[in-house]
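The values are calculated or read from the model by the stated rules, or taken from the named source; none is laboratory data. Computed from a prediction, not measured in an experiment: that's the story for all the values here. With ideal geometry, Cβ positions are generated from the backbone for all residues, glycine too; neighbour counts draw on all protein chains shown. SASA here: full protein model, heavy atoms, side chains in, ligands and nucleic acids out. Shrake-Rupley method; radii C 1.70, N 1.55, O 1.52, S 1.80 Å.
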Amino acid sequence: MPTLFGAAAHVVAGDLLAYGTNVPELARRTGDYVDKILKGTKPADLPVEQPTKFDLVINLKTAKALGLTIPPSLLTRADEVIQ
């Protein structure tokens, strides 16, 4: 059954697609928050942020096994394509 996950690790393990936040970018932003707090900013004074960078990972091997054709336009937008 075709599935869509939020973590690229699932696609590496054989699932079809993953579309979710870029974890290294989240870690970097978390570090910025910690830095501000350690420098004296009150946590309540910090803005709430939403992720701005997302990754699309496609597993073509799984698509082929399921008999699916991934459109070229989607492949060009993917951050990673697993052959």
| field | Summed side-chain charge close to I58 - residues other than I58 whose Cβ falls under 14 Å, Lys, Arg +1, Asp, Glu -1 | value | -1
| request: Report the label-to-label distance for A44 and A7 in nanometres (one decimal), using points 7 Å from each Cα along the Cα→Cβ vector. | output: 3.5
| Within the accessible area of the chain, what % is carbon and sulfur when the probe is 1.4 Å and the other protein chains stay in place? | 61
| query | What is the spin-label model distance, in nm, from F54 to L74 if the labels are put 7 Å beyond Cα along the C-beta direction? | reply | 1.4
| Among beta bridges that DSSP assigns inside the chain, antiparallel share in %, nearest 5 | 50
| Rounded to the nearest 0.05, what FRET efficiency is calculated for V81 and D32 with R0 set to 25 Å and r the Cβ-Cβ distance? | 0.25
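Could you tally the net charge around Y19, taking each other residue with its Cβ under 13 Å from the Cβ of Y19, Lys/Arg +1 and Asp/Glu -1?
Here the count lands on -2.
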| Accessible area (Å², per residue) of the chain, counting only protein heavy atoms and a probe of 1.4 Å | 73
| task | May I ask for the angle, rounded to the nearest 10°, between helix 23-38 and the longest principal axis of the chain, with both axes built from Cα atoms and the value confined to 0 to 90°? | result | 0
| Debye intensity ratio I(q)/I(0), log10, the chain, q values 0.14, 0.22 Å⁻¹ (C-alpha model) | -0.57, -0.96
